[in-house]
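Notes to accompany the following structure.
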Amino acid sequence: MPNSLSLFSDQLAEISHQLAENAPLQALALIDEISNTSYQFTTPKPRIALLMLKSQAETELGQCHALIATLNEALSLSQDDDFAAERLQILNQLADQVYTMGDYRQSIQLWMNSIELGLELGDISSAILAFISIGGIFNAAEQHERALKLHQQALHYSHKLDNPHIFYTLRLYLAADYMWLKLPNDTLTILNQADPILKKCNHFNGIAESHLWRAQALFQLERYAEAIDHLQQGLQCAVQHHHYWASIKCAYHLGLILTHQKRHAEAEQALLEALATASDNEFMQLLRDCWLGLSALYEDMDQAQQAYFALQSAHSFEHQLAKSAPILEVEPRILQRLAALETRFSLEISRQENRQLLEQQAQQIQKLNQLLTEVEQDALTKLANRRWLDTHLAPQITKLNAADTISILLLDLDHFKQINDDFSHLAGDEVLRDIGLILQQACRDVDTPVRYGGEEFLVVLKGLNLFSAAKVAERIRTQVAQHAWPSSIEGRQLTISVGVAQAQLGDNLISLIERADLALYRAKDLGRNRIEL
Ligand SMILES: Nc1nc2c(ncn2[C@@H]2O[C@H](COP(=O)(O)OP(=O)(O)OP(=O)(O)O)[C@@H](O)[C@H]2O)c(=O)[nH]1
């Protein structure tokens, strides 16, 4: 089946398109169709990709059991190291789903696997998100102080990460922690930080959740009308964007506040709405809460029998929850593993920080070197400049000893003014660049060609005496005389005159250059295109 892979890619693209168009049912139908055809792939990658899309469609449709089955299949296919990134994503999704359905024990294990894998892959952001979610589980187990501590720790780990997703997720969790700890003003303050980022990122689930925590804080502050308003906004946003968990939570809390306000009919409607969605999605904890809410409502309405039945239903879910979520039972093991993970966290973070620091330092050093080079470099010819002579050659001449031999050539173009006048300053520049190249080619590694000024050049020759330096000068003079100049000077020939000098004990840079300059003058006087010592 040679074309199967390209056909498959087209089909995946079609499914993604349907999901983007909000048509999860059509997407699922196509996924089923593909699953029934027997594509033969050599790696699990395409199947994993298909399952990821399937999980997206099932999330949209609130098909929780199917979703968990899909994610578990994807997880088992992604065990190979080649699919570690996919595995991380699947683990996170699965943990999230299992948590929402009230199986805290399994979700905590999944989150910890996710932290471990995230740290292994160096994906600090994913590890921090998983860490934050574990804090949420402590809240569900009514260990709010512990949840807050964990989230504050995450805040510490994440404060240097420029990651908006972590920024608002963490703040939403902290808002919940403060709410549980009856610190409503702290909840409002932290939500004020999160809201602008949530809006900027168009994160509708988060926006719905923010309304939810804000409403609960306002309820604690006895600002009931505002609380109701936020719950209605949160509910609307959550329903519109298929965020089942937030829509149930908003409807449920709306029911509670309306009960408190004696608006019984509206309260019942909200609670039944929450119950229906929780039941569709099999969210155990929320089902229990909704029944408890209904029970309280009926009690408030003096409908004792209905209140009793509702309470019984709540107990049955409580029982199921206790079976799947005995967080206290696994607590010592969890805490031990968490502590180990925290140590790895700090190590990984400081490792990354160190790496960043080293990278920054290397960049700064590179910049500095660049600047230093530019300061000592002539912009036109890229040769060293006069500043280089002062910094590097001057001290060598002053400290010269009997064993050192250094000579210099001072070179000046003959009648260069004429080139500028006859052709243009730009043409003159081209000539100067060519001279730069000729000098570079004539130099050994230990020598340094320098643009001394305008059309004057200097070459520092290490280890050469006056006689050897003169030979180099002669070679350069010949090369210049025979050089094929750019067409901009229309076949004009150019020559140079050179003064040669060798550094003597007691010399300094100025006295050495003066001697070379005197020789250069002589060369000019004697008719140019020649060398004088
Ligand atoms: N194109 C160009 N010309 C430059 C640059 N620096 C200096 N000059 C020119 O170089 C010329 C040097 O002229 P002079 O000092 O009169 O000497 P010359 O014409 O080379 O004659 P002699 O040295 O006596 O052989 C001047 O016209 C300067 O303007 C530069 O960076 N680019």
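The values are calculated or read from the model by the stated rules, or taken from the named source; none is laboratory data. Everything numeric in this text was worked out from a predicted model, so none of it was measured. So basically every Cβ, Gly included, is an ideal-geometry build from the backbone, and we count neighbours across all protein chains shown.
Let's see how each residue does on (1) under 20 Å from GLN285 (Cα atoms); (2) surrounded by 18 or more Cβ atoms within 10 Å (Cβ to Cβ); (3) of a type in the set (Val, Ile, Thr):
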{"site": "SER114", "(1), (2), (3)": "no, yes, no"}
{"site": "LEU117", "(1), (2), (3)": "no, yes, no"}
{"site": "GLU120", "(1), (2), (3)": "no, no, no"}
{"site": "ASN139", "(1), (2), (3)": "yes, yes, no"}
{"site": "HIS144", "(1), (2), (3)": "yes, yes, no"}
Item checked: Selection status of ARG475, closer than 23 Å to PHE416 by Cβ and within 16 Å of the ligand (Cβ to nearest atom) -> no
Item checked: Where THR478 falls short, out of the listed (1) surrounded by fewer than 19 Cβ atoms within 10 Å (Cβ to Cβ); (2) without any contact (Cβ under 8 Å) to a residue 60 or more places away in the chain; (3) within 30 Å of LYS399 (Cα to Cα); (4) not basic (Lys, Arg) -> (3)
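Can you tell me which residue is surrounded by the fewest Cβ atoms within 10 Å (Cβ to Cβ) among those in region 165-185 that are outside any helix (DSSP H, G or I) and touching a residue at least 24 places away in the same chain (Cβ under 8 Å)?
Of region 165-185, the ones outside any helix (DSSP H, G or I) are 181-183.
If we keep only those that are touching a residue at least 24 places away in the same chain (Cβ under 8 Å) too, we end up with 181-182.
Values: LEU181: 15, LYS182: 11.
Residue satisfying both the conditions and the ranking: LYS182.
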Item checked: Count of residues meeting criterion [surrounded by fewer than 17 Cβ atoms within 10 Å (Cβ to Cβ) and either part of a helix (DSSP H, G or I) or within 51 Å of the chain's Cα centre (by Cα) (or both)] in region 401-437 -> 10
Checklist line | Within region 440-461, tally of residues that are under 12 Å from THR381 (Cβ atoms), more than 9 Å from the ligand (Cβ to nearest atom) and under 47 Å from the mean Cα position of the chain (by Cα) | finding: 3
Notebook entry, point to check: Does any residue of region 407-416 turn out to be away from the ligand (no atom under 11 Å from the Cβ) and without any contact (Cβ under 8 Å) to a residue 60 or more places away in the chain?
Noted result: no
Next item on the list: Might you let me know whether region 319-326 holds any residue that is at pLDDT 70 or above and of a type outside the set (A, V, I, L, M, F, W, C)?
Entry: yes
Check: So is LEU509 in contact with an Asp or Glu (Cβ under 8 Å, 6 or more places away or on another chain), free of Cβ contacts under 8 Å to residues at least 12 places away in the same chain and surrounded by fewer than 20 Cβ atoms within 10 Å (Cβ to Cβ) or not?
Finding: no
Next item on the list: Return only the number of the condition from (1) within 10 Å of the ligand (Cβ to nearest atom); (2) exposed (fewer than 13 other Cβ atoms within 10 Å of the Cβ) that THR398 does not satisfy.
Entry: (1)
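To keep it simple, each residue is scored yes or no on (1) modelled with pLDDT of 90 or more; (2) crowded, with 16+ Cβ neighbours inside 10 Å.
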| site | (1), (2) |
| --- | --- |
| HIS253 | yes, yes |
| GLN261 | yes, no |
| THR277 | yes, yes |
| PHE283 | no, yes |
| CYS290 | yes, yes |
| MET301 | yes, yes |
| PHE309 | no, no |
| SER313 | no, yes |
